[in-house]
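First comes the structure, then the notes that go with it.
The values are calculated or read from the model by the stated rules, or taken from the named source; none is laboratory data. Bear in mind that the values here come from a model prediction, so they are computed numbers and not experimental data. For neighbour counting, all protein chains shown are included, and Cβ atoms are generated from backbone atoms with ideal geometry for every residue, glycine included. For accessibility, only protein heavy atoms count, side chains too; no ligands or nucleic acids. Shrake-Rupley method; radii C 1.70, N 1.55, O 1.52, S 1.80 Å.
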Amino acid sequence: QLGNKGKEGTTYKVLQKNNNTEYAMKTFRKQKSSQKLRQEAHLQKLAANLGVSPNIIEIDTISKYIVMEKMDKHLIEILEKEKGLLSKNYQKQINNIYKNLDNANVFHGDANLLNYMMKGKQIYIIDFGMAKEITNELIRKLGTTSPNLDIMTLGLILKLKEMNCPKESYSYLSKFLTKEQLEKFNI
């Protein structure tokens, strides 16, 4: 098992015997609809094509799992090691993830720190269970054409503040917030 059991299911490390390659297999509760599973995989594939999410190797809507490229560790492990400091380089990578997702019309929708993983020195975003396609209706509802940049940035900063991370951990990201957001949330 990799990480903790989530709301949707559990992720395991699996090994492909013929080439000795390790993958992550996210299993889902049996009640998850095949359509929702296909949508989650589809949106993750769009993100993976841009290099901001793990590549999907296989999806099974009957047995309810997705096999994907295995990451090395959670970003939260880096934060713990660095006493809460998120470097400007990592902030720029996260900002790039948000811009790429907006350009691909994929709204991730979950700024949970456990949804950011590392492979080498590169940050990836995982868990597209709450993700939605950015449609005109969603743009009207959220009031923005770039919800990842506008909403996910704020959500991530609030998570970092909640962890008592130093201001340097979000100083670059905070440049993408509105004056109103900065004042309202005391950033």
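A compact table of results
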read-out: Low-density loop cleavage sites - trypsin sites (Lys or Arg not before Pro) in segment 9-44, where at most 12 other Cβ are within 10 Å (DSSP); value: Lys17, Arg29, Lys30
read-out: 0 to 90° range, to nearest 10: angle between helix 153-162 axis and the chain longest Cα axis; value: 80
read-out: Angle between the chain longest axis and helix 88-103 axis [Cα atoms, degrees, rounded to 10]; value: 70
read-out: Nearest 10 degrees, 0 to 90: helix 34-49 Cα axis against the chain principal axis; value: 60
read-out: Range of Cα positions in segment 1-44 per principal axis (Å), largest first; value: 31, 23, 17
read-out: Derived scalar couplings ³J(HN,Hα) [segment 121-133; Karplus, 6.51 cos²θ - 1.76 cosθ + 1.60; whole Hz; x for Gly, Pro]; value: 9, 9, 8, 10, 9, 10, 6, 9, x, 9, 5, 9, 6
read-out: Kirkwood hydrodynamic radius over Cα pairs of segment 115-183, then Stokes diffusion coefficient at 37 °C and 0.692 mPa s, in µm²/s; value: 239
read-out: Vicinal HN-Hα couplings computed from phi for segment 72-80 (Karplus, 6.51 cos²θ - 1.76 cosθ + 1.60; Hz; Gly/Pro x); value: 8, 6, 7, 4, 4, 5, 5, 4, 5
read-out: Mean Cα-pair separation over length for segment 79-157, i.e. relative contact order, pairs under 8 Å, 6 or more apart, %; value: 36
read-out: The chain - charge dipole about Cα centre, Lys and Arg +1 at Cβ, Asp and Glu -1, debye rounded to 20; value: 220
read-out: Residue order for Lys119, Lys70 - accessible surface, 1.4 angstrom probe, largest first; value: Lys119, Lys70
read-out: Unit charges at the beta carbon, dipole of the chain: most positive-side option, Leu46, Phe185, Ile66; value: Ile66
read-out: Per-residue SASA entry for Phe176, accessible area with 1.4 Å probe, Å² rounded to 10; value: 60
read-out: For Val106, distant residues with modelled amide H under 5 Å away; value: Ile134
read-out: Charge dipole (debye, nearest 20) of segment 79-187; +1 at Cβ of Lys and Arg, -1 at Cβ of Asp and Glu; value: 320
read-out: In Å², nearest 10: area of Lys73 left accessible to a 1.4 Å probe; value: 80
